[in-house]
Every structure is written in structure tokens, then in C-alpha cells.
Amino acid sequence: MLGVLLSALDQPVQAQFLPCELRSLSQAGGQSGTSFPMRATSGSNLEELDSLVFSHPGITAEQGTLDPLPFSDQRRPDYGNFTVTVGKDVPAGRYAIRVAGRNGLSNPRALIVTTLPFETATSVSHTTDAATPLQPSTLTQAKATTAEIDYFQFPAEKSVLYRVELLAHQIDSRMIGQVIVYDPSGRQIALARGADDVDPVLEFEADMEGNYQIAIHDFTFRGGDEYPYQIVVQPVASAVDLIPVRPDARFHWLTRAATLPSGFTWNIDNTTPATVDQPQALEVPSNTTRFFPDDHSDTVFRFAAVQDQTLAFDIASHRLGEPTDARLLVQRIEPVESAAPKLHTVLNVDDSQALSDGAVQWTTKDPVGLLKVPVTADYRLVVRDLDVGRSLRDRQIFRVNIRPATPGFDLVAFRLYPHKDINSSQPFGSKLFRGGSEVIRVMALRRDGWIGPIQIKIENLPAGVEAAETVIAANQTQTQIVLTASAEASASRQAIRVVGTSEDGKLKQTAVPATIAWGKGAGRDYIRTRLMSQLMVAVSDRDLSPLTITLGDDKAVEVKKGESISLPVKITRREGGKTNVVLRARDFPPGSSGADLTIAADKSEGSYEIKTGTTPPGTYSLWLQAESKIKVKPNPQVLQRTQAYRDSLQKLQDDPAQKENLEAIKAAIATADKAIEAAKPLAADRELTIYLPTSNVTLRVVEP
């Protein structure tokens with residue numbers, strides 16, 4: 001009879017020219033070797049969710065099903081409801097989960113896999129006299145409640161050292177957590193709070209046996225589905241790491257960790273003295289990790305360096321998720337006979353990196369600097385944490401890396417939010433219409449003084465999708481690469497790679513993928529981003545873009561500095577794309593400009609003028625952003641399926657052999673008629689304002 005049918009008559013549909021956005025899940029973790037239910041609890045454009053996509057093949061999901069409709073013999077998909085199974089061999093750690101459905105593939109959210117038992121608290125007490133039981137060494141998930149405090153209690157043994165960890169930021173929650181521990185007498189014995197990008201962790205020794213209580217709330221008392229948290233209490237002696245750190249720090253989920261040098265180690269050296277009186281001797285190159293001193297004193301290292309050698313100094317702490325603000329000082333030691341040596345400062349660095357496009361910010365408080373050694377001598381490296389607070393974390397680490405300078409670059413790639421206002425950026429995934437386009441922004445984080453141009457290309461594109469190579473010029477830090485699907489592209493979901501190469505081909509880097517975790521709102525005035533493991537593209541074969549816009553003719557164009565050049569604009573208009581199109585300059589080369597261009601609804605061609613002005617000679621990539629009103633049908637397939645079911649019922653009603661079932665058939669037809677009326681708006685045109693990229697153009701500016 002029929003295949004997949006409408007699962008519910010009242011399922012809401014939002015008509016937006018954007019893919020689905022996932023904000024929260026019913027469960028953001030699970031124990032390895034177990035299965036558990038999963039559904040999306042908040043987001044937008046979450047219609048007809050039919051699959052979950054994980055970053056580890058050992059994590060799988062099976063979609064639920066509903067009973068067949070009357071006079072049908074096939075079960076129906078229970079959209080949005082899944083059973084997740086975590087394989088017993090999946091290592092503990094943090095993985096990405098995405099939802100997929102009618103509106104493409106969502107942005108990723110975090111899923112914690114743990115070796116500990118995992119529980120989800122369906123309700124939590126807000127009073128101390130009936131605190132919710134919490135089992136030690138069990139990871140428990142709950143969600144913050146607006147204007148309330150959650151109370152848990154757990155049994156503790158006397159003289160045992162316990163660790164309390166709260167995961168919020170680390171599971172993509174909006175929550176800024178605060179944790180307070182009370183002993184059996186009701187006395188507060190420990191407190192820790194989180195901050196943006198930092199979750200609270202505390203340790204305490206139980207001075208008596210009995211039930212201890214934990215009070216948890218969002219620091220600003222917000223709550224709801226977008227404020228989940230996970231809490232665990234473990235004896236320190238047997239505690240397990242909830243999110244073991246991978247050897248390669250580039251996979252750390254903090255956005256600013258993209259610039260961490262390779263070879264990071266978590267082996268903390270806390271035994272060798274490193275004070276003003278007893279500096280620790282280092283050999284160059286050197287890589288060591290330590291705790292900042294509890295008394296906020298300087299950590300001092302001593303090393304030998306040779307004249308004219310160029311050394312790179314990198315102190316990593318803030319990029320590791322620590323609430324720190326390190327400073328480094330390099331001093332040449334001049335021996336003085338029978339007196340203290342003289343110290344000559346040759347390098348003094350505080351905050352180093354400050355790169356932003358207005359949405360994603362690659363800023364860090366970590367100091368990074370270069371030194372051309374002035375003379376062969378012994379030197380001191382002094383490291384100090386200028387942030388002396390301890391309310392966020394008791395012990396804070398830093399990593400010292402000293403090495404010969406190796407000029408190069410790191411790359412970060414993320415999907416550019418399609419809007420003219422960068423402040424409107426929100427989490428979103430991919431839904432590439434046939435004939436449609438998406439933009440991937442690539443930012444270069446230049447290292448050790450490297451200034452050359454970088455060729456950017458995308459590898460592993462889905463069939464039917466193209467992306468012209470672009471370039472990050474020597475005087476630029478970013479470029480945009482446009483993905484365009486052909487009008488005949490097939491449905492697909494695929495992880496892509498963004499690769500950058502130096503002009504001479506000697507340097508090659510694969511970009512670290514990133515994503516917007518949260519846009520502005522909920523009391524926060526900044527856009528939160530983080531790194532992720534995969535950059536995914538989803539092509540929809542059920543949608544045809546009303547507009548495809550081409551800039552130039554696929555050939556590089558050359559113009560003399562200070563002169564202007566006109567590029568042809570061609571628009572392929574389809575059903576729903578018969579309105580004005582406004583084209584705006586986006587991320588033009590420095591010194592270049594171009595005015596807005598409007599192409600009337602009855603036109604499909606135009607010419608865009610670019611003035612190079614003071615643009616330095618070089619090779620650049622550029623594109624235009626098009627704004628237009630279009631008409632799209634949100635989901636005409638729902639009406640088609642419902643009508644097909646109605647037609648099958650009509651055939652049964654007209655069949656004399658079904659006389660005994662006639663009343664039941666008539667009742668099913670009446671229900672189907674209501675479903676058809678409910679589905680008609682999904683097949684009707686809705687007007688939307690959209691922002692589309694043109695194709696890329698390579699512009700060569702030459703000397704007059």
C-alpha cells in the first residue's frame with residue numbers, strides 16, 4: 001500500500017530559508033554499552049527529524065515508529081524520537097550529535113560518553129528538606145530552573161577527599177553554573193562558580209560521615225531546556241576523567257585553542273622548583289606544563305640562547321579553558337662580579353591574539369611572542385598570572401613552549417550565517433538547495449611572522465557540489481569560499497575538508513572546523529563559538545533554489561591599482577524568484593569599494609563596478625551578498641503523501657468487496673480530509689527574505 005505517511009496532523013512547521021537549528025536535547029550523555037531515548041527539546045525548523053548523525057561510528061540511533069494508519073499495513077516514522085545506542089568500545093569523551101530532517105542537517109551539540117553510570121533526573125527538589133538523592137560516581141543530568149535552586153544530597157564517608165564537577169559549558173548549555181556544598185549540619189564548606197567558557201569544579205574533605213547537600217543554580221538564575229547540566233561527585237582517589245584530553249590539543253573544543261602549538265602534554269611538572277631564587281633550567285626547544293603558584297608569585301625559568309637565533313615563546317593557559325591572564329617577560333642575565341646579576345628586559349608580552357570578523361573572535365589572554373636573541377647569554381623567562389582570583393578554579397595550569405621560530409599559519413573554517421547583520425548570527429547547520437549556495441568562511445591565524453598568501457580549496461565535496469578555489473591575500477586574514485549545488489544534485493550528507501596551501505606549496509594545513517554555539521540573547525551580549533570535529537554539508541533534493549546568482553565568468557580578472565573594473569552579474573530565476581535583487585559588497589580587499597546594486601525583478605543581468613582605490617597589488621578573492629524576497633513551498637511532500645493516502649481510501653470505498661468496512665473507511669476518509677486541509681499551507685507559497693552569496697571571483701590588482 002503506502003510508504004511513509006504523515007506522522008501527525010498538528011506537527012508545526014516553520015517556513016525559513018535556513019536549515020534546522022538544534023539548541024538542546026533531552027539527554028546530552030550516556031554510559032558506554034547502553035541505550036537510551038533521545039529527542040530534540042528546543043530549536044527551530046525541526047520538522048520531520050528522521051535521523052541523528054554522530055561524530056563516532058560506534059554511536060548509532062534508531063528512529064521510533066508509530067502504528068499504521070487505518071487500512072495501511074506499514075508503520076509510520078515517529079519523527080523526532082530515537083533510541084541511541086553507545087557501543088561498549090566507544091572511548092569516554094565528548095562527541096558531536098546532529099539532528100537531520102526535512103530542513104537539512106543541524107548544527108552540532110555535545111554528547112558525553114562516560115564509563116560511569118548515567119542518570120537523567122526528571123525532576124529535582126528545590127528545598128533542602130527533600131533534596132534529590134545523588135549517587136556518588138554517577139553522572140546525573142538535570143536542567144536549571146528559572147529563579148530556583150536545585151538541591152541534591154549524597155552520602156559521604158569521613159576523611160575522604162571528594163571532587164564535585166558540573167558540566168554546562170562543556171555540553172553546550174547556556175548555563176553559568178554555581179555549586180555550593182553543605183555538610184550534614186547545614187554548614188557551607190565549599191563554593192565554586194563558573195563563567196563564560198568555564199565550568200565549576202571543587203574538592204573538599206568530608207570531616208564527618210553523613211548526607212552532604214549540593215545546591216546548584218545558574219549564576220543569574222536563568223533556566224529551561226537550554227540550561228542543562230551534568231553533575232558528578234567522586235572520591236578523588238578513584239575519580240575518572242569525564243572528558244579525557246586528546247593528545248592533539250587542536251581538538252580541544254574551545255575556540256581559541258585553534259592556535260595551540262602541536263605536541264601539547266598534560267604531564268604537569270609540579271616538583272621542580274621554578275621561583276626567583278630557584279629558577280628551573282630549560283633546554284631549547286622546551287615544552288613543560290605547570291600549575292600557577294597558589295601565592296600568585298612569579299614562575300621563573302632559565303635557559304641559554306645564541307645570538308641572532310629567533311625564538312618563539314608561547315604560554316598557553318587561557319586557550320586551555322583556564323580563567324587566567326598570563327604575562328611573559330624575557331630578561332637577559334648579565335653577570336656582575338661579587339654582586340647580583342643585572343637583568344635586561346628583551347621581551348614583554350601580555351595579551352597576544354586579537355582576530356575577529358564580528359561574530360567569531362579568536363582572542364586570547366595568552367602571551368605569544370618572537371625574540372631575535374641580541375647576544376649569546378643566559379636568559380630568564382618569567383611567567384605570571386595577572387588574574388589573581390580563585391573563585392572559578394582552585395588550581396590553574398599553564399604550558400610553556402619555547403622553540404625556534406617556524407613561520408606558518410593555522411586555519412579555522414566555519415559556516416557563515418546568511419544575514420546582512422553579523423550580530424544576528426545564530427547556530428545553524430546546512431541545507432544546500434539544488435541550485436543554491438552556502439558560504440564557508442576561512443580565517444588565517446598567522447604564526448611567527450608569516451605573511452604570505454594562502455590558497456584555499458575544499459576537498460571531499462558531495463557529488464553535484466562545486467567550490468572555486470579562493471585566496472587569503474598577504475594583507476588579509478580571511479576569505480569566503482562559496483559552495484554551489486547544481487540544479488540536478490542528489491541528496492547527500494558529507495564531511496568536507498578545507499585545505500590551505502602556501503604559494504610555493506611548502507606549507508599545507510587543514511582547517512580546524514568551528515561552529516557558532518549560541519547567538520546573542522538570554523542576557524549575554526556576545527556570540528559564543530567553539531571548535532568541532534567535522535564540517536558537514538547537506539544537500540536537499542526536495543528543494544530547488546528560486547535564485548542562482550553568478551558574478552564574473554569563472555576567469556580571474558586583472559585591474560590596475562586605482563582603477564575600476566565592471567563584472568557581469570547573471571541571475572537564474574526560477575519559480576518564486578521574480579523579485580528585485582540587491583547586491584552588496586562583502587569582505588572586499590583593503591582599499592576597494594563597491595556600491596549596492598539593484599537588479600529589477602524583470603531583469604536577469606547586470607554589471608557590478610569595483611573601485612580598487614588604494615588596494616595593494618596582489619591576488620584577492622571576493623563575492624557579493626544578494627538580498628531578495630522569494631516565495632517557497634515549505635513542505636509540499638506532506639500534502640502529496642496525505643493526498644495519496646486519501647486516494648487509496650477512496651478506492652477502498654468504491655470497492656464492493658469492502659462493504660463490511662464501509663463505515664470505518666468513511667471515518668478514515670474524514671480524518672484524511674482534515675489532514676489534507678492541515679497540509680495545504682505547507683504546499684502554498686510563503687514569502688521570505690533571504691541572503692544568498694554569488695559565486696567567487698579572483699581579482700588580480702597590478703601596478704599601474
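The values are calculated or read from the model by the stated rules, or taken from the named source; none is laboratory data. Model, not experiment: these values are computed from the prediction. Every residue, glycine as well, gets a Cβ built from its backbone with ideal geometry; the counts of neighbours run over all protein chains shown.
The rows are residues; the columns are (1) modelled with pLDDT under 90; (2) farther than 12 Å from R380 by Cβ; (3) assigned by TED's automatic domain parsing to the domain that holds R399; (4) surrounded by fewer than 12 Cβ atoms within 10 Å (Cβ to Cβ).
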{"site": "V284", "(1), (2), (3), (4)": "no, yes, yes, no"}
{"site": "I333", "(1), (2), (3), (4)": "no, no, yes, no"}
{"site": "D351", "(1), (2), (3), (4)": "yes, yes, yes, no"}
{"site": "A359", "(1), (2), (3), (4)": "yes, yes, yes, no"}
{"site": "T363", "(1), (2), (3), (4)": "yes, yes, yes, no"}
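Restricting to the range 310-325, what's the tally of residues that are in contact with a Leu (Cβ under 7 Å, 6 or more places away or on another chain), under 24 Å from H344 (Cα atoms) and in a strand (DSSP E or B)?
In the first step, residues of the range 310-325 are kept if they are in contact with a Leu (Cβ under 7 Å, 6 or more places away or on another chain); the result is 310-313, 315-316, 319, 321, 323, 325.
Filter once more, so that each one left must be under 24 Å from H344 (Cα atoms): 310-313, 315, 325.
Filter again for in a strand (DSSP E or B), leaving 310-313, 315.
Qualifying residue count for the region: 5.
Just to be sure, is K631 within 30 Å of P418 (Cα to Cα) and in contact with an Asp or Glu (Cβ under 7 Å, 6 or more places away or on another chain)? For K631, the condition - within 30 Å of P418 (Cα to Cα) and in contact with an Asp or Glu (Cβ under 7 Å, 6 or more places away or on another chain) - is met.
For I171, state whether it is surrounded by fewer than 21 Cβ atoms within 10 Å (Cβ to Cβ) and modelled with pLDDT of 95 or more. Break it down stepwise before answering.
Details: surrounded by fewer than 21 Cβ atoms within 10 Å (Cβ to Cβ): no; modelled with pLDDT of 95 or more: yes.
No, not satisfied.
Among residues of the range 506-524 that are touching a residue at least 12 places away in the same chain (Cβ under 8 Å) and under 18 Å from S173 (Cβ atoms), those with a Cβ under 8 angstrom from a residue that is among the β-branched types (V, I, T) and surrounded by fewer than 22 Cβ atoms within 10 Å (Cβ to Cβ), sequence gap 6+ or separate chain, pair up as G523/T220.
Just one of (1) out of contact with any Gly (no Cβ under 8 Å at 6 or more places or on another chain); (2) closer than 30 Å to E563 by Cα; (3) modelled with pLDDT of 95 or more; (4) not small (G, A, S) fails for V701. It is (1).
May I ask you to list the residues in the range 93-149 that are part of a helix (DSSP H, G or I) and among the charged types (D, E, K, R)? Write out each step before concluding.
Step one: list which residues in the range 93-149 are part of a helix (DSSP H, G or I), which gives 128-130.
Across the range 93-149, the qualifying residue is only D129.
Only one of the numbered conditions (1) assigned to a strand (DSSP E or B); (2) in contact (Cβ under 8 Å) with a residue 40 or more places away in the chain; (3) within 24 Å of P285 (Cβ to Cβ) is not met by V375, and that is (1).
Among the candidates S566, S502, single out the residue that is in contact (Cβ under 8 Å) with a residue 12 or more places away in the chain, more than 19 Å from I481 (Cβ to Cβ), of a type in the set (G, A, S) and not assigned by TED's automatic domain parsing to the domain that holds L260. So that I can check it myself, show each step before the final result.
Numbers: S502 fails: more than 19 Å from I481 (Cβ to Cβ).
Matching residue, one of S566, S502: S566.
If the condition is being surrounded by 18 or more Cβ atoms within 10 Å (Cβ to Cβ) and assigned to a strand (DSSP E or B), then the range 216-240 contributes I216, H217, D218, P228, Y229, Q230, I231, V232, V233, Q234.
Filtering the range 504-528 down to residues that are in a loop (DSSP other than H, G, I, E, B) and touching a Gly at 6+ places or on another chain (Cβ under 6 Å), which residue is farthest from Q455 (Cα to Cα)?
Kept after step one, since they are in a loop (DSSP other than H, G, I, E, B), are these residues of the range 504-528: 504-507, 511, 519-520, 522-523, 525-527.
Subset that is touching a Gly at 6+ places or on another chain (Cβ under 6 Å): 507, 527.
On the way: L507: 10, I527: 28 Å.
Across the range 504-528, the extreme among qualifying residues is I527.
Looking at the range 295-309, which of the residues that are among the acidic types (D, E) and in contact (Cβ under 8 Å) with a residue 12 or more places away in the chain is farthest from N348 (Cα to Cα)? Show your work before the answer.
In the first step, residues of the range 295-309 are kept if they are among the acidic types (D, E); the result is 295, 298, 308.
Narrowing further to those that are in contact (Cβ under 8 Å) with a residue 12 or more places away in the chain: 298, 308.
Details: D298: 14, D308: 18 Å.
Here the residue is D308.
One line per residue, one yes/no per condition, for (1) at pLDDT below 95; (2) assigned to a loop (DSSP other than H, G, I, E, B); (3) under 36 Å from the mean Cα position of the chain (by Cα):
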site	(1), (2), (3)
K629	yes, no, yes
I669	no, no, no
L692	yes, no, yes
S695	yes, yes, yes
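Just give me the residues in the range 623-642 being closer than 17 Å to Y691 by Cα and surrounded by fewer than 18 Cβ atoms within 10 Å (Cβ to Cβ), in sequence order.
To start, the set of residues in the range 623-642 that are closer than 17 Å to Y691 by Cα comprises 623-632.
Once the filter is applied, which keeps residues that are closer than 17 Å to Y691 by Cα and surrounded by fewer than 18 Cβ atoms within 10 Å (Cβ to Cβ), the range 623-642 yields K629, K631.
Taking residues in the range 462-491 that are under 18 Å from M536 (Cβ atoms), and partners anywhere that are in a loop (DSSP other than H, G, I, E, B) and of a type in the set (S, T, Y), the pairs with Cβ atoms closer than 7 Å and at least 6 places apart or on different chains are A463/S490; G464/S486; G464/S490; V482/S695; T484/S695. Taking E558 as the residue in question, decide whether it is over 30 Å from S44 (Cβ atoms), of a type in the set (D, E), touching a Gly at 6+ places or on another chain (Cβ under 9 Å) and in a strand (DSSP E or B). When the stated conditions are applied, E558 does not pass them.
Just wondering, is there one or more residues in the range 422-432 that are surrounded by fewer than 22 Cβ atoms within 10 Å (Cβ to Cβ), modelled with pLDDT under 95 and not polar (S, T, N, Q)? So far as the range 422-432 goes, yes, one or more of its residues are surrounded by fewer than 22 Cβ atoms within 10 Å (Cβ to Cβ), modelled with pLDDT under 95 and not polar (S, T, N, Q).
Could you please let me know if D602 is out of contact with any strand residue (DSSP E or B) (no Cβ under 9 Å at 6 or more places or on another chain) and of a type outside the set (G, A, S)?
Numbers: out of contact with any strand residue (DSSP E or B) (no Cβ under 9 Å at 6 or more places or on another chain): yes; of a type outside the set (G, A, S): yes.
Yes: the conditions hold for D602.
Residue count for the range 155-168, restricted to those that are part of a strand (DSSP E or B) and surrounded by 21 or more Cβ atoms within 10 Å (Cβ to Cβ): 6.
Residue pairs whose Cβ atoms lie under 8 Å apart, separated by 6 or more positions or on different chains, with the first residue in the range 144-161 and in contact (Cβ under 8 Å) with a residue 24 or more places away in the chain and more than 11 Å from P235 (Cα to Cα) and the second surrounded by 15 or more Cβ atoms within 10 Å (Cβ to Cβ) and of a type in the set (D, E), are A144/D150; A144/D218. Taking the criterion of being under 32 Å from the mean Cα position of the chain (by Cα) and in a loop (DSSP other than H, G, I, E, B), would at least one residue in the range 536-553 satisfy it? Taking every residue of the range 536-553 in turn, at least one turns out to be under 32 Å from the mean Cα position of the chain (by Cα) and in a loop (DSSP other than H, G, I, E, B). Yes or no: L445 in contact with a helix residue (DSSP H, G or I) (Cβ under 7 Å, 6 or more places away or on another chain) and surrounded by fewer than 21 Cβ atoms within 10 Å (Cβ to Cβ)? Criteria met by L445. Take the conditions (1) within 31 Å of the chain's Cα centre (by Cα); (2) among the small types (G, A, S); (3) farther than 24 Å from V382 by Cβ; (4) modelled with pLDDT of 90 or more; A258 misses just one of them, which is (4). The lone criterion from (1) in contact (Cβ under 8 Å) with a residue 24 or more places away in the chain; (2) of a type outside the set (S, T, N, Q); (3) under 21 Å from Q178 (Cα atoms); (4) surrounded by fewer than 18 Cβ atoms within 10 Å (Cβ to Cβ) left unmet by P117 is number (3).
So is P453 surrounded by fewer than 22 Cβ atoms within 10 Å (Cβ to Cβ), modelled with pLDDT of 95 or more, of a type outside the set (D, E) and out of contact with any Cys (no Cβ under 9 Å at 6 or more places or on another chain) or not?
Numbers: surrounded by fewer than 22 Cβ atoms within 10 Å (Cβ to Cβ): yes; modelled with pLDDT of 95 or more: yes; of a type outside the set (D, E): yes; out of contact with any Cys (no Cβ under 9 Å at 6 or more places or on another chain): yes.
Spelling it out, P453 is indeed surrounded by fewer than 22 Cβ atoms within 10 Å (Cβ to Cβ), modelled with pLDDT of 95 or more, of a type outside the set (D, E) and out of contact with any Cys (no Cβ under 9 Å at 6 or more places or on another chain).
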